[in-house]
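Notes follow the structure.
The values are calculated or read from the model by the stated rules, or taken from the named source; none is laboratory data. Just so we're clear, the structure is a prediction, and the values are computed from it rather than from any experiment. Every residue, glycine among them, receives a Cβ derived from its backbone with ideal geometry; neighbour counts consider all protein chains shown.
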Amino acid sequence: MSDTEALQEAPRRGRPRSERSRKAILAAASELLLDGGLDSTSMDAVAERAGTSKATIYRWWPSKELLALEVLFAEWDAQRPASSDTGALAGDLLALIRPWARQLGARPYGRVIAGLLARAQSDPGFAEEYRARFVEPRRDQAREIFARAIERGEIAKRTDVESALDLLYGAFYQRLLHGHAPLTDRFARTVVGYVVAGVSQTPI
């Protein structure tokens, strides 16, 4: 059984989850992951900090990678902005991207994501879970924004939305993972401006 299958099966085994324990484990894992990264985090350390048993953690998350993935999902989902229709593609993308960029810039998420990407390269099952829980939710939000822009006639129906999403998010992951420059509001505005200018050039 793969890690993904085990994660899907876990909630049906044993006693129901304790929400208090779950929150304590996620909080402990978040602190350890952001302090030292994925490689430096162990289930023993998470259990000790959360005041629970390692067996309890493994019953819910079969690997530390899946635990880390849920930590990121929980933290980023809590900060996800409500859908905002400003009436323009640039405004909608900025409303979506700026809060996310601020969150990325505020804490050292890059070291955690780098570890998850490394695992995804060698584990197809985890890679599928990673894309479903981490990548696609953000792309889905942006897809809705581009769809509205197409409906308004602001950009062409033939716009390659998937490539536009790669340009949009790729710029942020470049800085997040390489750490060569900060993730700022100015950078967010610049990237959105370039993406909007690019898709606006697509012939209608």
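Annotations
- Within the option set R148, R139, R189, being closer than 22 Å to F73 by Cα, in contact with a helix residue (DSSP H, G or I) (Cβ under 8 Å, 6 or more places away or on another chain) and of a type outside the set (D, E) holds for one residue only, R139.
- The lone exception for A10 - which of (1) at pLDDT 95 or above; (2) in contact with a Phe, Trp or Tyr (Cβ under 6 Å, 6 or more places away or on another chain) it fails: (1)
- With respect to being touching a residue at least 60 places away in the same chain (Cβ under 8 Å) and either aliphatic (A, V, I, L, M) or within 24 Å of S200 (Cα to Cα) (or both), R107 falls outside the description.
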